[in-house]
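J.: Here you go, one structure.
Each value in this text was obtained by applying a stated rule to the coordinates, not by laboratory testing. Not measured: the values here are computed from a predicted model. Please note: Cβ atoms are built from the backbone with ideal geometry, for glycine as well, and neighbour counts cover all protein chains shown.
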Amino acid sequence: MKSSSVKELLSMAPKLQEVTVNGWVRTFRSNRFIALNDGSTINNIQCVVDFENFSEDVLKQINTGSALKITGTLVESQGKGQNVEIQVTDIFVHGNADPELYPIQPKKHSLEFLREKAHLRIRTNTFSAVMRVRSALAFAIHQYFRQNDFHYFHAPIITGSDAEGAGEMFKVSTLDSKNPPLTDDGEVNYKEDFFGKETNLTVSGQLEAETYAMALGKVYTFGPTFRAENSNTSRHLAEFWMIEPEMAFYDLDANMDLAEDFIKNVINYVLEHCQDDLQFLEKRLLDEEKSKPQAERSDMALIEKLKFICENNFRRVSYTEAIEILRNSKPNKKKKFQFTIDEWGADLQSEHERYLVEKHFKCPVILFDYPANIKAFYMRLNEDGKTVRAMDILFPGIGEIVGGSQREERLDVLLDKIKALGIDEKELWWYLDLRKFGSAVHSGFGLGFERLVLFATGMGNIRDVIPFPRTPQNAEF
Ligand code: ATP
Ligand code: MG
Ligand code: MG
Ligand code: MG
């Protein structure tokens, strides 16, 4: 007989039909009630066993974590919180999980403990909820772009350009690192490498995406990117996924409109399609918050927070206005927001960003028109000659979630900038070609997928929203 998923069964009417379901035991109470989960939903199906009908050998293999195939009759449930349950007639044990050895027992494990068990932590309610939301968000992202006439473009992972990621790139080489071929000057001779030059793992698909936007109009990449940043924060990974739309004929305003609409749309998708998981994650957070002092508790529950994002405009503020606000703000007495910002031109630190979002505006903020000298070479210079058409989107509890800009479309201005920064113009010949042949205003942004997942799930650490986090010293499997 065809088996059903737990999700399907839970939505069925108890018409006394025979059903089969495969899954893993979450709990087995009183030798009678199996809570079975197959990953299709956060909810378990209750399977009621008359133990007189089963051998001791089968019953002793029904442990938390065991994989079972259960056949029985779908009946109305007497218990609370579920409509249906299975009156079990047959049990097949695919595989047992020895309770003495299996680490994921039905108790609350710390996230730190579970990080050590990255291959098994997905069997907990918390991680399965997070990863289902992650999967739904990825779908919503593709759907949004498809509905808005974007083409999905695959940027290369191995790249020869390093204009953007000075110092933050992972090198890719087929040379023997212990004994590499050398040039006459004693440098590593990458000409003998498989790629014939020094190559890196990409830090962003943007420059390549620009080439596609200048022919397909609206494109996006959604793929892994890599940064060898040796920082141990709760917001940075060495391998993360980035969503990068790039649009011909879009200026900065159109870019900001798109980014805001996009984020609202995908958050709205999970609000509509991941209700059970979000409710579970919200409850988990509320329980966690109970142990915190009142002042540190969040003033909105998770689902309310997500709805707030969808229903309210993001606040658009120029860098210059932001600096004014920061200068005029009295440093908060609590340590959290102590800072000084004296000079126009300084890069904002995360405490400045958090102050603007969490204390001053109390909503997502789009900061735009940054000083040229703190932003990348390709950003469109404003008429003031000092600022560029850059934008960062800052989110409560997360900080920067998006970085984007209108790109410099004028060849002469771009060349001046490249020269001033000492970038080798020959390395970028292909990028400069875009400004020689049919150049036009264009814009795009990069959104860190894991930061979006962090926000949507209310989790506190980026290591807990990606299956196998890559951080310094952490790549066991
Ligand atoms: P941050 O200031 O947080 O280090 P950034 O300005 O270096 O970020 P960008 O180069 O602007 O990052 O990249 C675009 C987006 O990618 C960021 O807004 C962020 O959402 C995400 N991102 C950047 N670095 C990381 C990282 N190491 N891990 C996860 N996401 C990241
Ligand atoms: Mg960074
Ligand atoms: Mg930044
Ligand atoms: Mg940035």
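J.: Please provide three numbers in whole Å: the alpha-carbon extents of the range 382-477 along the principal axes, with the largest listed first.
T.: Sorted largest first, the three principal extents are 46, 31, 24 Å.
J.: Can you give the angle from 0 to 90° between the axis of helix 206-216 and the longest principal axis of the chain, with both taken from C-alpha atoms, to the nearest 10?
T.: 90 degrees
J.: For helix 319-328, what angle does its Cα long axis make with the longest principal axis of the chain, in degrees from 0 to 90 and rounded to 10?
T.: For 319-328 against the chain, the angle is about 80 degrees.
J.: Let me ask another. From the convex hull of the Cα coordinates of the range 1-112, what is the mean projected area in square nanometres?
T.: For the Cα atoms of the range 1-112, the hull's average projected area reads 7.5 nm².
J.: Then there's this: Please sort 3-15, 167-179, 397-409 by packing, taking for each peptide the average over its residues of neighbouring beta carbons within 10 angstrom, highest first.
T.: On the way: 3-15: 15.6, 167-179: 12.2, 397-409: 22.0.
Packing order, densest peptide first, comes out as 397-409, 3-15, 167-179.
J.: Between residue 251 and residue 188, what FRET efficiency comes out of the Förster formula 1/(1 + (r/R0)^6) with R0 = 45 Å and r the beta carbon distance, rounded to 0.05?
T.: Computed FRET efficiency for residue 188 and residue 251 comes out at 0.55.
J.: Now for a separate question. For the range 28-115, with the dipole built from +1 on Lys and Arg beta-carbon atoms and -1 on Asp and Glu ones, taken about the Cα centre, which of 84, 43, 58 lies farthest toward the positive end?
T.: 43
J.: Could I ask something else about it? Per q in 0.20, 0.29 Å⁻¹, report the Debye log10 I(q)/I(0) for the range 431-477, using one uniform scatterer on each alpha carbon and no solvent.
T.: These q points yield log10 I(q)/I(0) values of -0.71, -1.09.
J.: Taking the alpha-carbon centroid of each part, what is the distance from the range 169-224 to the range 40-85 in angstrom?
T.: So the two Cα centres are separated by 53 Å.
J.: Another one. Can you compute the charge dipole magnitude of the range 222-274 about its Cα centre, using +1 on each Lys and Arg Cβ and -1 on each Asp and Glu Cβ, nothing else charged? Give it in debye, rounded to the nearest 20.
T.: For this selection, approximately 340 debye.
J.: Same structure again: Going toward the positive end of the dipole of the range 52-148, with +1 on Lys and Arg Cβ and -1 on Asp and Glu Cβ, which of 142, 125, 72 do you reach last?
T.: Among 142, 125, 72, the one farthest towards the positive end of the dipole of the range 52-148 is 142.
J.: Using a simple charge model, +1 on the beta-carbon of Lys and Arg, -1 on the beta-carbon of Asp and Glu, nothing else, what dipole does the range 316-447 show about its Cα centre, in debye to the nearest 20?
T.: Value, rounded to 20: 580 debye.
J.: Just tell me which lysines come within less than 22 Å, Cα to Cα, of residue 305; anything on the same chain fewer than 8 places away is out.
T.: Once the sequence-local lysines are set aside, what remains near residue 305 is 264, 283, 290, 292, 336, 359, 362.
J.: If I take R0 = 60 Å and measure r between the Cβ atoms of residue 53 and residue 147 in this structure, what FRET efficiency does the formula 1/(1 + (r/R0)^6) give, to the nearest 0.05?
T.: The computed FRET efficiency comes out at 0.70.
J.: Restricting things to alpha carbons, find the Rg to Rh ratio for the chain using the Kirkwood radius for Rh.
T.: Reported Rg/Rh (Cα atoms, Kirkwood Rh): 1.04.
J.: Using the charge dipole of the range 137-207 (Lys, Arg: +1 at Cβ; Asp, Glu: -1 at Cβ; taken about the Cα centre), state which of 152, 200, 170 has its Cα farthest towards the positive end.
T.: The one lying farthest along the dipole's positive direction is 152.
J.: Any chance you could give the angle, 0 to 90 degrees and rounded to 10, that helix 275-290 forms with the longest Cα principal axis of the chain?
T.: 80 degrees
J.: When only Cα pairs under 8 Å and 6 or more residues apart are kept, what is the percent relative contact order across the range 1-100?
T.: Rounded, it is 30 percent for the range 1-100.
J.: To continue, here is another question. Place the peptides 65-72, 431-438 in order of packing, highest mean first, counting for every residue the other Cβ atoms within 10 Å and averaging per peptide.
T.: Final packing ranking: 65-72, 431-438.
J.: Can I ask one more? In nm, to one decimal, how far is the residue 261 label point from the residue 15 one, both placed 7 Å along Cα→Cβ?
T.: About 4.4 nm, to one decimal.
J.: Report the Cα centroid-to-centroid distance between the range 362-402 and the range 417-477 in angstrom, as an integer.
T.: After rounding, the separation between the Cα centres reads 15 Å.
J.: Tell me which residues come under 5 Å, amide H to amide H, from residue 63 once H is placed; ignore anything under 5 positions away on its chain.
T.: Correct list: 97.
J.: Just from its helices, what would the mean residue ellipticity at 222 nm be for the chain, if runs of 4 or more DSSP H residues each count -39500 (n - 2.57) and the sum is divided by every residue, rounded to the nearest 500 deg cm²/dmol?
T.: One gets -8500 deg cm²/dmol as the mean residue ellipticity at 222 nm.
J.: Moving to a separate point now. What ranking, highest mean first, results for peptides 218-228, 280-290 when packing means the other Cβ atoms within 10 Å averaged over each residue?
T.: The peptides rank, most packed first, as 218-228, 280-290.
J.: Evaluate the charge dipole of the chain about its Cα centre and quote only its size in Debye, nearest 20, assuming +1 on the Cβ of each Lys and Arg and -1 on the Cβ of each Asp and Glu.
T.: Dipole magnitude for the chain comes out near 1600 debye.
J.: Here is a follow-up. With a point put 7 Å past each Cα toward its Cβ, work out how far residue 276 is from residue 168 in nm, to one decimal.
T.: 3.9 nm
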